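The values are calculated or read from the model by the stated rules, or taken from the named source; none is laboratory data. These figures come from a predicted structure and were not determined experimentally. Every residue, glycine as well, gets a Cβ built from its backbone with ideal geometry; the counts of neighbours run over all protein chains shown. Ligands, DNA and RNA are stripped out before the accessible areas are found, and what is left, the full protein with its side chains, is counted by its heavy atoms. Shrake-Rupley method; radii C 1.70, N 1.55, O 1.52, S 1.80 Å.
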Amino acid sequence: MIKIFMLLCLLFLVSSGFVNGSIKKEKDHGIKLFVLKKGDLTLKVTNWGATLVSLILPDKNGKLGDIVLGYDNLKTYTNDTSYFGATVGRVANRIGGAQFTLNGTLYKLIANEGNNTLHGGTRGFSDVLWKVEKYVKEGDRPLVIFSYHSFDGEEGFPGDLKVTVSYILGKDSLTIIMKAKALDKPTPVNLVNHAYWNLGNHNSGNTLDEVVQIFGTKITLIDNNLIPTGKFSSVKGTPYDFLKPEIVGKRINQLPKTNGYDINYVLNKGKDKNEALKVAAIVMDKKSGRVMKLSTNAPGLQFYSANFVKNEKGKCGFVYQPRSALCLESQAFPDSVNHPNFPSTIVTKEKPYKHVMLLKFSTKVPRAFSQF
């Protein structure tokens, strides 16, 4: 029996693409899986779209579970339309009219959502193979660094761009660092990690009972095409008010236009101006006891409740449905390049881009969440 069990484990590791520290090359695609381990945390990522595939960690009873939605087969990510775990760019979120003017030049982009550009176009950074710059599986600082060279004119964007994404695993944390450097022309950049989180486990159903706190007093108002109008609105007294911890499903049905949450929050500035990162959001799953705290240096946070995920066959054959996860995407404001009053997203040779996400995990209930 022991030999049979060991053989089954070996077959599982082979099918996952990782055996004895080696990397399995997926047929015809060059897609590889990378596993990082630190304490009780195990992270899996792939070089296709610099995508976060899996994060396994214990619940309050010590039982391990995967809290990221995704697929078993890496090739499935090449046909994914939900951006599961992907690094999204060159400009994440939406650009109205699929165009913008920069330094007097009109740039017309590839429209892939009606008349607008979404998540970088038809072939954004989520749909390309990234180069592996460094890989450390275990030890004091497990990490993997991916890089991608975006060429001048790709999806209509100006200038050559060197991009890197680093995943760094800590004992109770995951740090994602996204950098970009313009090699010649100025260009807009807004890189986002599009992980779908379900702290109860990826296959635990909807997230309507999860409790969320978002540290943003305003949202960017949007039109019927989800393009920002350029105006801001206070969240107080609205379904978007998560200034104090609140259950996700309590007011979600008051948002019929988007079938749930899909809005950019203007994050509050940190209390200490010398601190590089500020707390953006905290999420708690009552049943598992897991808590996730996101800190970032980005000005905005897209809160999305997986409204349009429907009948999506994911890991272990589980079928994901609407509201089965939460996306907490720290970012620049959507369509910033067309709104001078928004923080600039323009990157130059002299002004590189750096976006940091620090995700900390625990099973200790924050004091503000104790009533739940």
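At 1.4 Å probe radius, can you tell me the per residue accessible area of segment 150-242 in Å²?
The answer is 35 Å² per residue.
Would you please classify the overall shape of the chain from the alpha carbon gyration tensor, given that a ≥ b ≥ c denote the square roots of the eigenvalues, rounded means a/c under 1.5, and beyond that prolate means a/b larger than b/c while oblate covers the rest?
oblate
When the accessible area of the chain is computed with all protein chains present and a 1.4 Å probe, what percentage of it is carbon and sulfur?
Within the chain, the accessible surface is 52 percent carbon and sulfur.
Taking θ as phi - 60°, what are the ³J(HN,Hα) couplings along segment 149-166 by the Karplus curve (6.51, -1.76, 1.60), each to the nearest whole Hz, with x for Gly and Pro?
Rounded to whole hertz, the list is 9, 8, 7, 4, x, 4, 6, x, 7, x, x, 6, 9, 9, 10, 10, 10, 10.
Looking only at Ala98, Ala86, Ala325, which one moves most when the chain is put into a Gaussian network model with springs between Cα atoms under 10 Å?
Ala98
Which FRET efficiency value, to the nearest 0.05, is calculated for Lys63 and Thr238 with the Förster distance at 30 angstrom and r the Cβ-Cβ distance?
It comes to 0.20.
Subtracting the Cα-Cα distance from 0.36 nm times the residue separation, let me have the gained length for Thr229 to Leu208 in nm, one decimal.
Contour length minus Cα-Cα distance gives 4.7 nm.
Per 0.36 nm of contour for each residue apart, how much would the distance between Asn79 and Ile110 grow if the chain were fully extended, relative to their Cα-Cα spacing?
Working it through step by step, the gained length comes to 9.3 nm.
Hey, what did the chain get for relative contact order, percent, Cα under 8 Å, at least 6 apart?
RCO, the chain: 17 percent.
For segment 240-344, what does the alpha-carbon gyration tensor say about shape, rounded, prolate or oblate, given a ≥ b ≥ c as the root eigenvalues, a/c under 1.5 as rounded, and a/b over b/c as prolate?
Taking the square roots of the gyration eigenvalues as a ≥ b ≥ c, segment 240-344 is prolate.
Under 10 Å, Cα contacts only: if you run a Gaussian network model on the chain, which one of Leu52, Leu326, Leu277 comes out with the highest mean-square fluctuation?
Leu277
Please list, in order along segment 36-49, the HN-Hα scalar couplings obtained from phi with the Karplus expression 6.51 cos²θ - 1.76 cosθ + 1.60 (θ = phi - 60°), rounded to whole Hz, x for Gly and Pro.
10, 10, 8, x, 8, 9, 10, 10, 10, 9, 10, 7, 7, x
List, in order, the whole-Hz ³J(HN,Hα) value for each residue of segment 114-122 obtained from phi through the Karplus relation with A = 6.51, B = -1.76, C = 1.60 and θ = phi - 60°; use x for Gly and Pro.
The phi angles translate into x, 8, 10, 9, 10, 6, x, x, 5 Hz.
Work out, step by step, the length gained on full extension between Ile346 and Leu129: first 0.36 nm times the residue separation, then minus their alpha carbon distance; give nm to one decimal.
75.7 nm
Given a 10 angstrom Cα cut-off, can you work out which residue in Phe84, Phe361, Phe318 is the most mobile in a GNM of the chain?
Highest fluctuation among the options: Phe318.
Could you please state, rounded to a whole Å, how far the C-alpha centre of segment 339-372 is from the C-alpha centre of segment 146-182?
That distance is 16 Å.
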